[in-house]
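The values are calculated or read from the model by the stated rules, or taken from the named source; none is laboratory data. Just so it is clear, the model here is predicted, and its values are computed rather than measured. Because the Cβ atoms are built from the backbone with ideal geometry, glycine has one as well, and the counts that use them run over all protein chains shown.
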Amino acid sequence: MSQTRERTPSTSLSAAVVLHDLTEPLPAVYVALRGMVRPILRRFFDFQVSGLEHIPSAGPFIVAANHANYLDGVVLGAALPRKIVFLVMPRVYRATPLHPFLHRQIGSIPIQLARPDPGAIRQTLRELERGGVVGIFPQGPLGRDGTLRRFQPGVALVALRSGVPVVPAAITGTFQALVARRWHIPRRVPIRVCFGRALGFGPPVRHRLTARLRADVTSRIMSEIAGLLAEELPPSAVPTPADHP
């Protein structure tokens, strides 16, 4: 990345909650899970969040983040002061017999990746119309090497159809926490979440979206996330947008 970014100071999770706690009704299961996760992240993973000043205090928006494993959704939900509804692929939605119940309680939206899923897109747009926050991992399936891989265009489709801003987020430490771990029990490593400035793509687009437009929006979102990752990772671990046309 040729552009130099001004780093925002990290803050502990407890300080983030005090500064950015919002009076938003949350499902009981969501509150209980986040109440358990936050102390664990603070105690064992030195959890730090930066860029919270870029999070809108009200209104709908999309959070787009890199993706390594199941911990990403956990830490992003803990980092964000507002409730976030994730788009979840089927094998994650049904990972265990208990998962579908939990995902329904917290409002997750199951989405097919092997084929177009207009029903999931409509459900996502309705959540944004209600003023909600939607979390999307544009890489799609879980990464195997911890690097940023080519984004799928679904995030661009939702952003353009809804007209809401996209807040890029970089998550680091989750890959190192689980790589080569048996039973999916994370090792103790520092975990960080960095939010970038919100990206706007204009009012909702009602006409047909061209492949070029979706590719341009996808590339811009990927560039922002790559730039945020570059602040935490060595340059060799962060591909530039040119690596993923």
- [ ] Report, by residue number, each residue of the stretch 169-212 that is assigned to a helix (DSSP H, G or I) and at positive phi.
- [x] Trp183, His184
- [ ] Working only within the stretch 23-74, note down all residues that are among the charged types (D, E, K, R), modelled with pLDDT of 95 or more and outside any helix (DSSP H, G or I).
- [x] Asp46
TODO: Take the residues in the stretch 77-88 that are surrounded by fewer than 22 Cβ atoms within 10 Å (Cβ to Cβ) and touching a residue at least 60 places away in the same chain (Cβ under 8 Å), then tell me which one is farthest from Pro116 (Cα to Cα).
DONE: Pro81
Open item on the list: Checking the conditions here, which among Arg91, Arg126 is within 29 Å of Glu53 (Cβ to Cβ) and surrounded by fewer than 18 Cβ atoms within 10 Å (Cβ to Cβ)?
Closed with: Arg126
- [ ] Identify all residues within the stretch 158-181 that are small (Gly, Ala, Ser) and within 12 Å of Asn66 (Cα to Cα); write none if there are none.
- [x] Ala169, Ala170, Gly173
Task: Every residue from the stretch 213-234 that is part of a helix (DSSP H, G or I) and among the charged types (D, E, K, R) - done: Arg214, Asp216, Arg220, Glu224
Task: Leading residue by the ranking (farthest from the chain's Cα centre (by Cα)) among those in the stretch 192-204 that are buried (at least 16 other Cβ atoms within 10 Å of the Cβ) and more than 30 Å from Ile40 (Cβ to Cβ) - done: Phe201
- [ ] Could you please find all residues in the stretch 205-219 being farther than 12 Å from Ala64 by Cβ and surrounded by 14 or more Cβ atoms within 10 Å (Cβ to Cβ)?
- [x] Val205, Leu209, Leu213, Arg214, Ala215, Ser219
Task: Cβ-Cβ under 8 Å pairs, at least 6 apart or on other chains, the stretch 205-226 side within 14 Å of Gln139 (Cβ to Cβ), far side assigned to a helix (DSSP H, G or I) and of a type in the set (Gly, Ala, Ser) - done: Thr218/Ala156; Ile221/Ala156; Ile221/Ala159
Open item on the list: Take the residues in the stretch 102-127 that are polar (S, T, N, Q) and in a helix (DSSP H, G or I); name whichever of them is nearest to the chain's Cα centre (by Cα).
Closed with: Thr124
- [ ] Quick one: in the stretch 93-125, of everything that is over 23 Å from Val74 (Cα atoms) and of a type in the set (D, E, K, R), which residue is modelled with the lowest pLDDT?
- [x] Arg115
TODO: Among residues belonging to the stretch 60-70 that are surrounded by 21 or more Cβ atoms within 10 Å (Cβ to Cβ) and in contact with a Pro (Cβ under 9 Å, 6 or more places away or on another chain), point out the one that is farthest from His184 (Cα to Cα).
DONE: Phe61
